[in-house]
Every structure is written in structure tokens, then in C-alpha cells.
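The values are calculated or read from the model by the stated rules, or taken from the named source; none is laboratory data. As the structure is a prediction and not an experimental result, all values here were calculated from the model. Cβ atoms come from the backbone with ideal geometry, glycine included; neighbour counts cover every protein chain shown.
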């Protein structure tokens with residue numbers, strides 16, 4: 001599979017674009033993820049002409065409105081320029097399957113950016129101006145900060161969403177049909193189940209016809225990508241694992257069933273990672289194939305080489 005297009009803050013790739021002419025090269029991004037993602041770097045502060053090096057900027061609350069202004073020169077207000085450059089990039093953003101932002105940045109921070117107000121201590125309640133507009137314009141786009149990618153759950157959640165959106169864009173490019181949409185949902189159903197209730201999406205597709213295809217597809221993918229934002233906990237995975245085990249109820253011997261239950265139980269209490277019960281299930285399905293399980297992306301949502309479920 002070709003590399004997936006991902007937007008990224010330029011400094012994270014090692015480009016010398018920060019206010020002081022430095023970078024924030026991230027080893028995991030430039031190492032592991034670079035084998036699977038085609039990174040398209042962008043620095044909004046450079047794009048609006050602030051230069052390198054440049055005066056530092058920060059978020060300031062003024063009359064109940066957050067503005068992005070110069071630290072030493074409050075007359076330097078780049079709020080509108082950062083918002084506008086995000087709007088100008090909208091067509092480019094629509095081609096992406098994800099975006100990795102620089103944390104704490106007044107332009108690129110996804111969340112918890114410091115907001116200053118008078119002489120009070122700054123409060124981490126802000127959003128980077130460029131990032132906020134970019135996310136508002138692209139509600140389907142998986143977005144994450146490089147700092148949060150160090151958390152196994154957040155990392156897996158982001159990459160899973162990237163691959164789901166990539167597969168969605170593929171079927172749109174090939175030409176969407178009611179059959180393809182229904183098949184897409186079937187292959188992702190267990191993933192959806194792990195995140196929450198899949199019945200709303202199922203009910204939505206129950207009324208699918210050629211005439212309302214585009215309208216339902218638009219509603220469906222927004223609902224799907226919103227649902228997938230939640231990080232799955234062990235209890236939710238256990239529910240899905242037990243559901244999958246049910247497809248083997250006639251094939252498993254008493255000993256195999258006991259072993260499977262033991263492994264899932266050990267995963268539930270945190271003794272082993274998710275890869276262990278999944279590997280055992282795959283072993284049994286190799287001996288007793290099931291077409292639905294074989295096609296389900298829950299069993300293999302992304303390349304195994306990423307080793308994401310090894311730490312869940």
C-alpha cells in the first residue's frame with residue numbers, strides 16, 4: 001500500500017522554522033511513521049510572512065476573545081492572518097488523511113495552549129489559531145499532537161482513524177455505491193462496536209438507496225469518524241473479543257474454550273496486551289475460517305509492523 005498523506009507541523013520533521021530558527025524533530029514520527037505516512041509539512045507562521053527568526057507570539061484573552069499577538073509588541077496581531085491561511089489551505093487539507101500538530105504552539109496547538117489574561121497566570125484552555133480553523137473546516141480529519149503520540153492509547157486511536165479515513169477516501173475515489181458503503185460498514189463493524197454503539201449507523205444504512213446514497217454517506221462518515229475519536233478501554237475490547245469468540249462456539253473444544261476465556265480474562269485485568277488474545281483468535285480462525293471475521297478490520301486494522309496493539 002502506498003504511503004498515506006498526512007499534514008504535519010514543519011518543525012516536527014526537523015525543518016528550521018521555529019521562532020528562534022530551531023526545530024523540534026520527533027524521532028518516532030521521522031522513524032517508524034515515516035515508513036507508512038507521506039508527510040506534507042506546513043508552518044503557518046512562516047506562511048503568513050513572520051520570518052525566521054521572528055518575534056514570539058502568544059494567545060491573549062481580550063474582551064472575551066482570544067487573540068494571537070506579539071509577546072513584546074502587542075500591536076502585532078496575527079489572529080486574522082493565521083485564520084485566513086488555514087482557510088486558504090482548505091483544498092490541500094481535504095486531500096489529507098490525518099494531521100500531526102506541534103503541541104503548545106499559539107498557531108498549531110491542538111488543545112491546552114496557554115492563554116494569557118492581564119497579570120493573571122496563563123490558563124491552558126486555548127487552541128492554536130491555525131489549528132482551530134483547520135479542524136473546524138475538516139471535521140472528518142484525524143488530528144493529534146506529537147506529544148500525545150507518546151501515549152499508547154492515543155497513538156493507536158489516531159493511527160486507526162487515519163487508516164479508516166484512508167480506506168473511505170479509496171472507495172470514494174473508486175466510485176461509491178450502496179453495496180460498497182454497506183460492505184465498508186460490515187468490515188468496520190467490530191471496530192465501531194469497540195468504540196460504542198454501532199446501531200445508529202446500522203439504522204442509517206437500513207434506508208440506503210441509490211437516490212439518497214450521497215446524503216446518507218455524508219452523514220455516515222461524519223458519525224463514524226466522530227465515534228472513533230474515543231479511546232477504547234480494556235472492557236470495551238473484552239466485549240468485542242468475546243463477541244468474536246462466539247463465532248467459534250461450535251469449533252472450539254472444551255480445553256480451547258477454557259484457554260480462550262483465560263487469555264481474555266488476563267487481558268481484562270492488564271496482565272497481557274491485546275495482541276495475545278487477538279493472536280490466539282487468529283490461530284483458531286485459521287483452522288476454522290469465517291468469511292465475516294476474515295474480512296473484519298478489527299483483526300488487522302493497520303500494518304502489524306506498527307506494533308500498536310502490543311502496548312494496549
| said: Looking at the structure I just gave you, is residue 125 in the same structural domain as residue 69 (by TED's automatic domain parsing), more than 21 Å from residue 40 (Cα to Cα) and in a loop (DSSP other than H, G, I, E, B)? | reply: no
| said: One residue is enough: does segment 174-186 have a residue meeting the conditions buried (at least 18 other Cβ atoms within 10 Å of the Cβ) and in contact (Cβ under 8 Å) with a residue 60 or more places away in the chain? | reply: no
| task | Can you work out which of the residues in segment 284-302 that are out of contact with any helix residue (DSSP H, G or I) (no Cβ under 8 Å at 6 or more places or on another chain) and either outside the structural domain of residue 236 (by TED's automatic domain parsing) or within 26 Å of residue 167 (Cβ to Cβ) (or both) is surrounded by the most Cβ atoms within 10 Å (Cβ to Cβ)? | result | 300
| query | Got a number for residues in segment 197-216 being under 20 Å from the mean Cα position of the chain (by Cα) and either surrounded by 18 or more Cβ atoms within 10 Å (Cβ to Cβ) or within 24 Å of residue 138 (Cβ to Cβ) (or both)? | reply | 2
| Would you call residue 273 touching a helix residue (DSSP H, G or I) at 6+ places or on another chain (Cβ under 6 Å), under 30 Å from residue 165 (Cβ atoms), part of a loop (DSSP other than H, G, I, E, B) and modelled with pLDDT of 95 or more? | yes
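So that you can scan it fast, the table gives a plain yes or no per residue for (1) under 25 Å from residue 33 (Cα atoms); (2) touching a helix residue (DSSP H, G or I) at 6+ places or on another chain (Cβ under 7 Å); (3) modelled with pLDDT under 95; (4) surrounded by 18 or more Cβ atoms within 10 Å (Cβ to Cβ):
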{"position": "124", "(1), (2), (3), (4)": "no, no, no, no"}
{"position": "131", "(1), (2), (3), (4)": "yes, no, no, yes"}
{"position": "134", "(1), (2), (3), (4)": "yes, yes, no, yes"}
{"position": "139", "(1), (2), (3), (4)": "yes, yes, no, no"}
{"position": "163", "(1), (2), (3), (4)": "yes, no, no, yes"}
| Looking at 230, 194, which one is at pLDDT 95 or above, out of contact with any strand residue (DSSP E or B) (no Cβ under 6 Å at 6 or more places or on another chain) and loosely packed, with under 15 Cβ neighbours inside 10 Å? | 230
| query | Just a yes or no: is a residue in segment 38-51 touching a residue at least 60 places away in the same chain (Cβ under 8 Å), over 29 Å from residue 170 (Cα atoms) and surrounded by 20 or more Cβ atoms within 10 Å (Cβ to Cβ)? | reply | yes
| message | Can you go through 297, 220, 247, 292 and tell me which one is at pLDDT 95 or above and in a loop (DSSP other than H, G, I, E, B)? | response | 297
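A quick yes/no check of all residues on (1) free of Cβ contacts under 8 Å to residues at least 60 places away in the same chain; (2) under 14 Å from residue 99 (Cα atoms); (3) under 18 Å from the mean Cα position of the chain (by Cα):
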{"site": "4", "(1), (2), (3)": "no, yes, yes"}
{"site": "8", "(1), (2), (3)": "no, yes, yes"}
{"site": "13", "(1), (2), (3)": "yes, yes, no"}
{"site": "17", "(1), (2), (3)": "yes, no, no"}
{"site": "27", "(1), (2), (3)": "yes, no, no"}
| message | Tally up the residues in segment 252-278 that are over 17 Å from residue 235 (Cβ atoms), free of Cβ contacts under 8 Å to residues at least 24 places away in the same chain and either surrounded by 13 or more Cβ atoms within 10 Å (Cβ to Cβ) or touching a strand residue (DSSP E or B) at 6+ places or on another chain (Cβ under 8 Å) (or both), please. | response | 2
